[in-house]
Amino acid sequence: MSQALTEAKAAGQRGEVPVGAVVVSPQGEVVAQAGNRTRELSDPTAHAEVLAIRAACGTAGSERLVGHALYVTLEPCAMCAAAIAAARIARLYYGASDPKSGGVRQGARVFLHPQCHHAPEVFDGIAGAESEALLKAFFTEKRAR
């Protein structure tokens, strides 16, 4: 999770919402990492999770990441949860909960939907306080401008 937090901090420094994600292989190796780039790329799908999954799939040469784990600093939204399911990620670890836009334990609860073909094991609250502090500081600074 520390690498995901590093990606989140870098995203915040670029003016992006500070969210970072890291994909880890079944052997425990980091195969991809990313931070949000929606503004930079003018792409609403350029969330940290989607970018990291795309990179990991490119490295694997497959659209499936069976046995892989995803670490992300914020609860994935519904779009990212759907991408996690489609990629067949085995385990999802996330930091801060997202009552406004979350799609895992909040809101849409994508993995509980009957049309969801795959649901990873989910572990929440990992470095949650630090992840939440990054987000709060970012939005406090934005509002002060």
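Here, each number is a calculation from the coordinates, and none is a lab measurement. Quick caveat, the model's predicted, so the values are computed rather than measured. Cβ atoms come from the backbone with ideal geometry, glycine included; neighbour counts cover every protein chain shown.
Points worth noting:
- Contour excess over end-to-end distance, with Cα ends at Val122 and Arg91 and 0.36 nm allotted per residue: 10.6 nm
- Between 0 and 90°, nearest 10: helix 48-60 axis offset from the chain longest Cα axis: 40 degrees
- In a DSSP loop and with at most 16 other Cβ atoms within 10 Å, the GluC sites (Glu not before Pro) in region 28-102 are Glu29, Glu63.
- Where only DSSP H runs of four or more residues are counted, the chain gives -12000 deg cm²/dmol as its mean residue ellipticity at 222 nm, each run worth -39500 (n - 2.57).
- Sequentially through region 86-98, phi angles give Karplus couplings (6.51, -1.76, 1.60; θ = phi - 60°) of 4, 7, 6, 4, 7, 9, 10, 10, 9, x, 6, 6, 10 Hz, Gly and Pro residues having no value and appearing as x.
- Segments 75-86, 115-126 sorted - mean Cβ within 10 Å per residue, highest first: 75-86, 115-126
- For Ala32, the residues whose amide H sits under 5 Å from its own are Val23, ignoring neighbours fewer than 5 places away on the same chain, with H placed 1.01 Å from N.
- Projected-area mean, the chain, by convex hull of Cα positions, square nanometres: 8.1 nm²
- In this calculation the C-beta distance from Asp43 to Lys142 is compared with R0 = 22 Å, giving a FRET efficiency of 0.65.
- For the chain, built as a Gaussian network whose Cα springs stay under 10 Å, the top-fluctuating residue of Gly102, Gly35, Gly67: Gly67
- The 3J(HN,Hα) values that the Karplus relation (6.51, -1.76, 1.60; θ = phi - 60°) gives for region 24-39 are, in residue order, 10, 5, x, 8, x, 9, 6, 10, 6, 8, 7, x, 3, 9, 4, 6 Hz. Gly and Pro appear as x.
- In degrees, nearest ten, helix 2-13 long axis to first principal axis of the chain (Cα): 40 degrees
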